[in-house]
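Q: Below is one structure. I have some questions about it.
The values are calculated or read from the model by the stated rules, or taken from the named source; none is laboratory data. Since the model is a prediction, treat every value here as computed from it, not as a measurement. Please note: Cβ atoms are built from the backbone with ideal geometry, for glycine as well, and neighbour counts cover all protein chains shown. Side chains included, ligands, DNA and RNA excluded: accessible areas come from the protein's heavy atoms. Shrake-Rupley method; radii C 1.70, N 1.55, O 1.52, S 1.80 Å.
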Amino acid sequence: MSTAINREQHEKGAKNSTLAILALAISAFGIGTTEFVIVGLLSTVAQDLHVTITLAGLLISGYALGVAVGAPIITALTSRIPRKTLLLLLMVVFIVGNSVAALSSSFALLLIARFITAFSHGVFFSIGSTIAADLVPENKRASAIATMFTGLTVATVTGVPLGTFIGQMFGWRATFWGVAILGLIALVATAILVPSQLKTGKPASLKDQVKIITNSRLLLAFAITALGYGGTFVTFTFLTPLLEEITGYHANVVSLILLVYGIAIAIGNTVGGRAADKNPLRALFFMFVVQAVILLILTFTAPFKVAGTITIMLMGLLAFMNVPGLQVYVVQLAEKYVPGAVDVASAINIAAFNLGIAIGAFVGGIVVDSLGLIHTPWIGGVMVLGAAILTAISGKREKARR
């Protein structure tokens, strides 16, 4: 009798955890959409607000800066707030930020709205990762984080193309209203599905925060994140011109390829979570090595449609595969070395992801201007190879510690 009751309670708990993680994924979908949808609306926004495309590009880099700056600082400042309450407050900021963006009549106001909205992005993914990990058994933490990040990857597949279409048909402001509605849905889902009795995050003392930025193991992990995740963006940032100018595809076909690329990203994210459940460091090493090899191969296959397309799909499969492993590894390290500031360490790693994107895009721009589009893949591969080397070094340190 008691065994049956325990089994029933276990199944109910597992179902509740799944629903809670689903609510986190819905929030991630909305946040991912607002981050990337502006890429397809730059020309429309620039024309409507009478600014140059270059200046409009600040709406992307300004958002990334808001994530990188806001994630660790705001996570530390809000550590005493109950996690569910904080999640709800973050979605309120998200809704208000996108509503202000939709009402913006000037570029300056739109830029400020984007910057403030980015604060919810960084803090959400930092505490969301730790919440997802806490909701499941130890051996399924990476998979739980991967499920949450699926919302972000699905946004690149459906949210961004749909948001771009809405912006082109009804104006860019309609897109931001749509994203604000997504935030409202996420707010309701979080209120209903996420349990109130979450593990409370410990307030991070100044001493613990200093420990994070002076701990060599954590700094090494942040560097792995920036290089391993950012390396793909050397090529991805310029994937559309690469497909058009090097591979020879028409613009309409490129849109379809990018859609399939997004699907590959979503699949890779799920596979990466399962692979990293048992030993994230080992899984990450092999992911980086394969990723670096594929990027190198793309340098030679890009001029050929069939071979180039297959290689690009493999690149997409690996693009987000490392995300769950990187995040859970940092959480594990923080629990060992700075248990009082796990959320802050997680937030800094989210900042490292965005720093990687910025570095990858910057390096890619230099490569395109100086060497040409065809050289972006192998140089991105060198960055990823650097992450593999750092991962191997981290693994040796782990063995030495044991």
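Q: Would you mind working out the magnitude of the charge dipole of the chain relative to its Cα centre, with +1 at each Lys and Arg C-beta and -1 at each Asp and Glu C-beta, to the nearest 20 Debye?
A: Approximately 1380 debye in magnitude.
Q: A 18 angstrom limit on the alpha carbon distance is what I want to check against. Which of LYS278/LYS399; LYS211/LYS336; LYS84/LYS336; LYS207/LYS336 exceed it? Provide the component values of the computation, followed by the final result.
A: Numbers: LYS278/LYS399 16 Å; LYS211/LYS336 12 Å; LYS84/LYS336 25 Å; LYS207/LYS336 16 Å.
In this structure, LYS84/LYS336 lie more than 18 Å apart at Cα.
Q: Would you mind getting me the FRET efficiency between SER255 and ILE81? Use the beta-carbon distance for r and R0 = 56 Å, nearest 0.05.
A: 0.85
Q: Given the options GLY30, GLY62, GLY248, which has the most mean-square fluctuation in a GNM of the chain, springs set between C-alpha atoms less than 10 angstrom apart?
A: Maximum fluctuation in the GNM of the chain, among the listed residues, is at GLY248.
Q: Let me ask something else. Before rounding to the nearest 500, sum -39500 (n - 2.57) across all DSSP H runs of length at least 4 in the chain and divide by the residue total; then give [θ] at 222 nm in deg cm²/dmol.
A: Taken over the chain, the calculation gives -27000 deg cm²/dmol.
Q: Take each uninterrupted DSSP H stretch in the chain, measure its Cα extent along the helix axis, and return the ones at 24 Å or beyond whose mean Kyte-Doolittle hydropathy is at least -0.5.
A: Numbers: long enough: 2-36 (50 Å, 0.08); 58-77 (27 Å, 1.93); 83-103 (30 Å, 1.84); 107-134 (41 Å, 1.46); 172-193 (32 Å, 1.84); 251-275 (35 Å, 1.50); 280-301 (31 Å, 2.10); 342-370 (42 Å, 1.60); 376-401 (38 Å, 0.46).
Within the chain the helices that satisfy the rule are 2-36, 58-77, 83-103, 107-134, 172-193, 251-275, 280-301, 342-370, 376-401.
Q: Rank-order 256-269, 121-134 by packing density, defined as the average count of other C-beta atoms within 10 Å over each peptide's residues, highest first. Intermediate results must be reported in sequence, preceding the final value.
A: Values: 256-269: 19.6, 121-134: 26.9.
Result, highest mean Cβ count within 10 Å first: 121-134, 256-269.
Q: Within 15 Å, Cβ to Cβ, of PRO72, how many net charges do the neighbouring residues add up to if Lys/Arg are +1 and Asp/Glu are -1?
A: Result for the local shell: -1.
Q: Ignoring ligands, DNA and RNA, what accessible area per residue does the stretch 290-341 give at 1.4 Å, in Å²? Don't jump to the answer; show the numbers that get you there.
A: Details: 1760 Å² over 52 residues.
I get 34 Å² per residue for the stretch 290-341.
Q: Ok, one more. Residues of the stretch 371-389 with backbone nitrogen within less than 15 Å of a virtual label 7 Å along the Cα-to-Cβ line of GLU244, please, listed as ranges.
A: Label zone hits: 373.
Q: Compute the distance in nm between two label points, each set 7 Å from the Cα along the Cα-to-Cβ direction, one at ILE389 and one at ILE185.
A: 4.5
Q: Can you give the FRET efficiency to the nearest 0.05 for PHE304 and LEU58, using r as the Cβ-Cβ distance and R₀ = 41 Å?
A: So, using R0 = 41 Å, E works out to roughly 0.65.
Q: What net charge is computed for the residues neighbouring ILE374, neighbours being all others with C-beta under 14 Å from the C-beta of ILE374, Lys and Arg scored +1, Asp and Glu -1? Show your work: numbers first, answer last.
A: On the way: positive: none; negative: GLU244, GLU245, ASP369.
Its environment carries a net charge of -3.
Q: Please check: in the Gaussian network model of the chain (C-alpha springs, under 10 Å), which one of LEU295, LEU89, LEU65 has the largest mean-square fluctuation.
A: LEU89
Q: For the stretch 204-401, calculate the relative contact order in percent as a whole number, restricting contacts to Cα pairs under 8 Å that are 6 or more residues apart.
A: It comes to 44 percent, rounded to a whole number.
Q: On each of the three principal axes of the Cα atoms of the chain, give max minus min coordinate, whole Å, ordered largest first.
A: Principal-axis extents of the chain (Cα, largest first): 65, 51, 47 Å.
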